[in-house]
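Notes for the one structure printed next.
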Amino acid sequence: MKKIRELKGWINGYNQVKGAVEELQLAFDFQKEGITSEEEVDAAYANSIKLLEDLELKNMLRREEDKLGAVLKINSGAGGTEGQDWSSMLFRMYQRWCESKGYKVTITNWQDGDEAGIKTATMQVEGEFAYGYLKSENGVHRLVRVSPFNAQGKRMTSFASVFVVPLVDDSIEIEVNPSDVTWDTFRSSGAGGQNVNKVETGVRLHYTYKDEETGEEKEIVIENTESRSQFGNKDNAMRLLKSQLYEIELEKRRRLQSQVEAGKKKIEWGSQIRSYVFDDRRVKDHRTNYQTSNVNAVMDGDIDEFIKAYLMEFGDEA
């Protein structure tokens, strides 16, 4: 049934474009006869272009993991309190974007900053194609502004890193050897009710594994403080672990594919991808060169054009 719904979505999208193009042709023919106005032809043309671009964008999300939900983690980088405040601003931006898409957001980890903002935070985003869209946000985000935390009113630069992996669902089997998992417990901080800082409900998962390619011993550490129940936090930490292991497996596949398609341009995760310059009223993506002067709208979650520009240019490779 899931496959049928997916195919119906493609067929409906094609039929919408086909119908819009036919309406455009009719509007154009009627305009030559003086029955319709140029404005009506322009409106029909704009509608056709939008539907076509929407379908083309969806075609950039054809990898098996694209249709999954996402786990998005933000870490504060250089910049001290300013950097931690910047991380919280990014977190709000993604929350607003998710709300606009009707996605369900669950905060699974949150560590307050020393004076303001956050040191790190993780959200689970559940909804169709959440990972496909949000994978474009992987990397370092740079803020330039006159800092409210600087007594001299100087212009400061700070950084935050965004890490996005697919949120695995029940249809994907990921084997985890229990002997490779160890647990710590700790007292949660932040919002959570009367038991916060009294009961050790927060959990920290340590998973050690050997990299098959290098033979190197590696460790994944996941903290979860979402639930008031230690058992609930353990269950969700395991789910987040499986999401990361799934991403590692996908990355191996991408490397193998890139060796075959050696001529293709490769996008490196973790590099500086976007600059938000508040004073100059400019947000620019360094990968696609798409930019906008509407900084306020971007910080309120209006990042669709950035995502679209990235997917249309690098969708086959990402």
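The numbers here are math on the coordinates, done by the rules we state, and not lab data. Here the structure is a predicted model, which means the values were calculated and not measured. Note: ideal-geometry Cβ built from the backbone for every residue, glycine included; neighbour counts use all protein chains shown.
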**Request:** Subtracting the Cα-Cα distance from 0.36 nm times the residue separation, let me have the gained length for ASN296 to THR214 in nm, one decimal.
**Result:** 25.0 nm
**Prompt:** Working out 0.36 nm times the residue gap between SER229 and ARG281, then minus their Cα-Cα distance, what length gain in nm do you get to one decimal?
**Reply:** 14.3 nm
**Asked** Average projected area of the Cα convex hull of the stretch 2-59, in nm²?
**Response** 3.9 nm²
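Would you mind classifying the chain by shape? Square roots of the alpha carbon gyration tensor eigenvalues, ordered a ≥ b ≥ c; an a/c under 1.5 is rounded, otherwise it is prolate if a/b is larger than b/c and oblate if not.
Since a/c reaches 1.5 and a/b is larger than b/c, the shape of the chain is classed as prolate.
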**Asked** Going by average Cβ neighbours within 10 Å, how do the peptides 131-138, 114-121, 46-53 rank, with the highest at the top?
**Response** 131-138, 114-121, 46-53
**Request:** Arrange GLU23, GLU33 by Cβ neighbour counts within 10 Å, fewest through most, would you?
**Result:** GLU33, GLU23
**Item:** Rounded tilt (10° steps) of 38-59 against the dominant C-alpha axis of the chain
**Value:** 40 degrees
**Fill in**
Pairs over 18 Å Cα to Cα, from LYS2/LYS67; LYS3/LYS67; LYS252/LYS308; LYS101/LYS135; LYS135/LYS308, come to LYS252/LYS308
**Message:** If I take every Cα pair under 8 Å that is 6 or more residues apart in the chain, average their sequence separation and divide by the length, what percent do I get for the relative contact order?
**Reply:** 17 percent
